[in-house]
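Contents: one structure, followed by commentary.
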Ligand code: UDP
């Protein structure tokens, strides 16, 4: 009998790549998603696979799964700032109630559990690069607080279930990730820049574009998550690519690689937008023997191929 994994948010960007990876590893995959930000197109390629099941369900409701479960990967949540600003209450609910339901299920099935956490737990960081030991700088009542605090609460809940119920749990603090199957209109920097460049429209830079991010290709994140599940380590682990750059440089790179005629258009900086972000991955390197393998040029070209195939005229 193959191991069975439940992937909440399995029809989302990272979730759908995890479905692919765990199917490839021989698992039976139960993909659960309410399709609020995920999409069936992301998982359509698995529909004729016997070991794949899709369930449309809101993970904040009572959760029931028939039979055995070996692992739960809890990825359900809006994750792009534009999405969670539009769905603030759903974001808080899925991080709190949804994580509670998913942990309850893990407890009843004696399944391992991995939480998709985020670099947003560090907020607008005062420590740079960010280590797992940094407590963060988050405004609980700011606009981004709905996501940041939901994920911080989720981390606390995971640790409580680990300590009190002895569940084998993991927390992946995932930094900016990109690649095929990102939603083109999810509002994040890279999908925006790529669609704008391919349409020869101005690239929208928020603020003066000097804020930094560190972008990791999806395959590297999936590898890190897979390896983390094989350990007994319960504390948070940063997963991301330390290759930090300004958002202006990212925009220029997208223009160069697409050969676009687009120019840069400066817009207002959203409230609470972190000014810097770079993961310290010392822990992941030593614990998982993991380090990102895909350089940005390669990753960008693979992502561009996907967007070119999916782009439609506005
Ligand atoms: N950003 C931008 N133009 C866009 C979209 C985003 O300049 O069209 C900026 C955004 O303000 C942030 C950075 O790019 O500083 C990364 O934003 P993203 O939404 O990708 O995710 P975040 O890292 O903020 O969660």
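Every number here is computed from the coordinates shown, using simple stated rules; none is lab data. The structure presented is a predicted model; accordingly, all values stated were derived computationally and were not measured. In this analysis, Cβ positions are derived from the backbone assuming ideal geometry, glycine residues included, and neighbour counts consider all displayed protein chains.
What number do you get for region 1-130 when its Cα radius of gyration is normalised by 2.2 N^0.38 Å, N = residues?
Working: Rg = 14.9 Å, N = 130, 2.2 N^0.38 = 14.0 Å.
Rg over 2.2 N^0.38 Å, computed on Cα atoms: 1.06.
In whole Å, how far is the Cα centre of region 171-242 from that of region 14-29?
19 Å
In Å³ and rounded to a whole number, note down the convex hull volume per residue for the Cα atoms of the chain.
124 Å³
Measure off 7 Å from each Cα along the Cα-to-Cβ vector at residue 301 and residue 89, then give the distance between these two points in nanometres to one decimal.
If labels sit at residue 301 and residue 89, their model points lie 4.8 nm apart.
With a cut-off of 8 Å between alpha carbons and a minimum separation of six or more residues, what is the relative contact order of region 111-197 in percent?
Relative contact order, region 111-197: 35 percent.
Translational diffusion coefficient, Stokes-Einstein: compute it for region 52-122 using the Kirkwood radius over C-alpha pairs as Rh, at 20 °C and 1.002 mPa s, and state it as an integer in µm² s⁻¹.
164 µm²/s
Assuming 0.36 nm per residue, please report the length gained on full extension of the stretch residue 231 to residue 204 beyond their Cα-Cα distance.
5.6 nm
Express as a percent, rounded to the nearest 5, the fraction of DSSP beta bridges in the chain (both residues included) that run antiparallel.
The antiparallel proportion sits near 10 percent.
Pairs of alpha-carbon atoms within less than 8 angstrom and 6+ residues apart define the contacts here; what relative contact order does region 205-314 have, in percent? Display every interim value, and only then the final one.
Working: 123 pairs, mean separation 47.3, N = 110.
Averaging sequence separation for qualifying contacts and normalising by length gives 43 percent for region 205-314.
Place a label point 7 angstrom from the Cα of residue 126 along the Cα-to-Cβ direction, then list the residues of region 254-279 whose backbone nitrogen is under 19 Å away.
Output list for this probe position: 272-278.
Based on the mean of other Cβ atoms within 10 Å per residue, sort peptides 235-245, 162-172, 4-14 so the most packed one is first.
4-14, 235-245, 162-172
Nearest 10 degrees is fine. How inclined is helix 145-165 to the longest principal axis of the chain, computing both from alpha carbons?
30 degrees
Rounded to the nearest 0.05, what FRET efficiency do residue 164 and residue 44 have when you use their Cβ-Cβ distance and R0 = 45 Å?
The formula returns an efficiency of 0.65 here.
Run lengths n ≥ 4 of DSSP H only: what is the helix-derived mean residue ellipticity at 222 nm for the chain, with -39500 (n - 2.57) per run over all residues, to the nearest 500? Display every interim value, and only then the final one.
Details: 10 runs with 112 residues, N = 314.
Result for the chain, helices only: -11000 deg cm²/dmol.
Dividing the convex hull volume of the alpha carbon atoms of region 127-184 by its residue count, what do you get in Å³ per residue?
Convex hull of Cα atoms, per residue: 144 Å³.
Looking at region 111-227 only, what percent of DSSP beta bridges run antiparallel? Nearest 5 please. Don't skip to the answer; put the middle values down first.
Working: 0 of 9 bridges.
Beta bridges within region 111-227, antiparallel portion: roughly 0 percent.
Work out Dmax and Rg for region 108-225 from the C-alpha atoms and quote the Rg first, both in angstrom.
Radius of gyration, then largest Cα-Cα span, for region 108-225: 17.0, 55 Å.
So in region 1-146, what percent of DSSP beta bridges are antiparallel if you round to the nearest 5?
Given both bridge residues lie in region 1-146, the antiparallel proportion sits at roughly 0 percent.
Once the Cα atoms of helix 99-109 and of the chain are each reduced to a long axis, what angle between those two axes, in degrees from 0 to 90 to the nearest 10, is obtained?
That helix lies at roughly 40 degrees to the long axis.
Considering Cα pairs under 8 angstrom that are at least six residues apart, work out the relative contact order of region 1-48 and quote it in whole percent.
45 percent
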